[in-house]
Amino acid sequence: MNPVWLGALARTGVIGMLALAAWLAGGARAALAAIVIALAAAWLIELRHLARLRRWLGGPQGAATPDASGVWGETFSALARRARSAQRTRNELAAALARFTDAAHAMPDGVIVLAGGDAIEWMNRTAESHFGLDRRRDRGVPVTNLVRQPDFVGYLRNADFGAPLALESTRIPGQRLSLQVVPFGSERRLLVSRDITQIVALENMRRDFVANVSHELKTPLTVVGGFLETLAENLPALEPGQAERFVGLALEQARHMQRLIEDLLTLSRIESAAPPALDEEVEVAELLAEVGREAAALSSGRHGIEIEAGEAARLLGSRSELRSALANLASNAVRYTPEGGRVALRWRLLEDGSGLLSIEDNGIGIEARHLPRLTERFYRVDQGRSRDTGGTGLGLAIVKHVLARHQARLEIESTPGAGSRFSARFPPSRVRTPAPGAQARS
Ligand code: ADP
């Protein structure tokens, strides 16, 4: 039976018994008085329990359940159980919310929740840094009051969110953001911002690169086309030897295009290849001798070529890549040094175990303002001189890539009119020296 009815029945029984005893002892009046007194006592007990209940509900969370027996005892226990379960649910929800908030803050994209009138309701840290906002200070403020760029305001107003909006940051110079609005709920919107600075820079680089390559190929191709046209139209009328001269000049341009394509392929190969392994060993003295011979062939006796191989050592890395880098530096030294000049190829072990490969010349040198841009593709100090000596404008870009892939650094020192030194500094992890005594035995 329901404990409430059981309690009521027990109380009624007790009152009835009291009334019966009073009636037997003192008649009807005594019975009536007993009933009134018993009901008043029961009423007082109920009031006391109600007061305790009120006090308990108004007290702190988790306070001890009031002592009571019977129906009141069960009621207090049931309420305490419910309170505990509600608290558990609240704790779980708070933990889940904290996890979601942490995840939203950790997102690389900025997120702003906009309520009616585009008032800021919530934002993550990335959005704060993208727009220069403050999560606490700017809550409730319409975002268009804080980000006032006309493109942005127009984008939000037009409500056409099919394509993202690219926006220049007013806070960080050069930073580009891509914004996308996603409506949700009845009148809320999610504003997602992404930093696309790198992507835009890469896209620009790609565009410039294609334009540069096209330009580099167009010039020799026009020359070859011109000679061929002349030959096709006027071959019988040409003076003796003229045809041979035109063919020779066209061949020179074709070779230039070939070199350009080879350098482009080398660049693309080293850009996409896996980093050079540490198990290929390149004997430095042999490498210097080989590149020295090539430089001598290119110079055809017009320069003095010196080699100082220094301490015996091997470099750990790709032989073909290192050879290509060193050959480019040596070829530059020969090409940018007037006849009678000197080119030196040197290797030196440094105290900290790193190795220094340097190519030094006493040629035309380079003004300091050009040095930071020298390794850019197609950057040349003197366009004419580079072309005349068969340069493609890609040599130092190849050198920079190869060295970076070997964790080596390119250092350039140069004085206009006095000469240049291009040095590659290899870290100890890429340099292997013979074990002590090994050289003496061999
Ligand atoms: P290029 O094929 O034009 O030589 P590089 O990338 O090898 O292209 O070099 C870029 C530019 O750096 C050259 O055009 C030249 O102006 C300058 N340069 C490179 N090496 C030297 C050097 N040893 N002496 C003087 N200038 C040099």
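Of the residues that make up region 364-381, is at least one away from the ligand (no atom under 16 Å from the Cβ) and under 20 Å from GLU321 (Cβ atoms)?
no
Before we move on, is LEU267 in contact (Cβ under 8 Å) with a residue 24 or more places away in the chain and not assigned by TED's automatic domain parsing to the domain that holds ALA404?
In short, yes.
Quick test of your reading of the structure: ILE37 fulfils all but one of (1) without any contact (Cβ under 8 Å) to a residue 40 or more places away in the chain; (2) open to solvent by less than 70 Å² (accessible area, probe 1.4 Å). Name the failing condition by number.
The failed condition is (2).
Whether any residue in region 49-65 is over 58 Å from the mean Cα position of the chain (by Cα), over 20 Å from ASN2 (Cα atoms) and outside any helix (DSSP H, G or I) is what I want to check.
The answer is no, given that none of the residues of region 49-65 is over 58 Å from the mean Cα position of the chain (by Cα), over 20 Å from ASN2 (Cα atoms) and outside any helix (DSSP H, G or I).
Filter region 283-327 down to residues that are out of contact with any strand residue (DSSP E or B) (no Cβ under 9 Å at 6 or more places or on another chain), open to solvent by 30 Å² or more (accessible area, probe 1.4 Å) and within 16 Å of the ligand (Cβ to nearest atom), then give me how many there are.
So the count comes out to 3.
Restricting to region 270-282, and then to whatever is in contact (Cβ under 8 Å) with a residue 24 or more places away in the chain and in a helix (DSSP H, G or I), can you tell me which residue is most open to solvent (accessible area, probe 1.4 Å)?
GLU271
If I go through region 223-240 residue by residue, how many of them are open to solvent by 90 Å² or more (accessible area, probe 1.4 Å) and in a helix (DSSP H, G or I)?
5
Residue by residue through region 178-221, note down the ones that are open to solvent by 90 Å² or more (accessible area, probe 1.4 Å) and not charged (D, E, K, R).
The answer is SER186, GLN198, ILE199, LEU202, MET205, HIS215, LEU221.
Determine the pairs where a residue that is modelled with pLDDT of 90 or more, located within region 370-389, has a partner that is of a type in the set (Lys, Arg) with Cβ atoms under 7 Å apart, the partner being 6 or more residues away or on another chain.
THR375/LYS400; TYR379/ARG373
Where the second residue is more than 16 Å from the ligand (Cβ to nearest atom) and small (Gly, Ala, Ser) and the first is in contact (Cβ under 8 Å) with a residue 60 or more places away in the chain and within 20 Å of ARG373 (Cβ to Cβ) and lies in region 411-433, which pairs have Cβ atoms under 7 Å and are six or more apart or on separate chains?
ALA424/ALA408
Restricting to region 334-361, what's the tally of residues that are open to solvent by 60 Å² or more (accessible area, probe 1.4 Å), within 16 Å of the ligand (Cβ to nearest atom) and part of a loop (DSSP other than H, G, I, E, B)?
Within region 334-361, residues that are open to solvent by 60 Å² or more (accessible area, probe 1.4 Å), within 16 Å of the ligand (Cβ to nearest atom) and part of a loop (DSSP other than H, G, I, E, B) number 3.
Looking only at residues in region 383-420 that are under 36 Å from the mean Cα position of the chain (by Cα) and part of a loop (DSSP other than H, G, I, E, B), which one is nearest to the ligand (Cβ to nearest atom)?
GLY391
Quick check: is even one residue across region 241-251 assigned to a loop (DSSP other than H, G, I, E, B) and not assigned by TED's automatic domain parsing to the domain that holds PHE426?
yes
So is ALA94 over 30 Å from GLN198 (Cβ atoms), within 28 Å of the chain's Cα centre (by Cα) and part of a helix (DSSP H, G or I) or not?
No, not satisfied.
Check whether at least one residue in region 394-410 is at positive phi and open to solvent by 80 Å² or more (accessible area, probe 1.4 Å), and report yes or no.
Checked against the condition, which is being at positive phi and open to solvent by 80 Å² or more (accessible area, probe 1.4 Å), region 394-410 yields at least one hit.
GLY174 is checked against (1) over 19 Å from the mean Cα position of the chain (by Cα); (2) not in a strand (DSSP E or B) and fails just one. What number does that condition carry?
Of the numbered conditions (1) over 19 Å from the mean Cα position of the chain (by Cα); (2) not in a strand (DSSP E or B), the odd one out for GLY174 is (1).
Of these, THR144, THR101, THR126, which one is more than 17 Å from ARG189 (Cβ to Cβ), open to solvent by less than 40 Å² (accessible area, probe 1.4 Å), of a type in the set (Val, Ile, Thr) and not assigned by TED's automatic domain parsing to the domain that holds GLY62?
Just a single option satisfies the conditions, and that option is THR126.
The values are calculated or read from the model by the stated rules, or taken from the named source; none is laboratory data. Keep in mind that this is a model prediction, so the values were computed, not measured. FYI the Cβ positions are ideal-geometry reconstructions off the backbone, even for glycines, and counts take in every protein chain you see. Just so you know, the surface numbers come from the protein's heavy atoms only, side chains and all, with ligands and any DNA or RNA stripped out. Shrake-Rupley method; radii C 1.70, N 1.55, O 1.52, S 1.80 Å.
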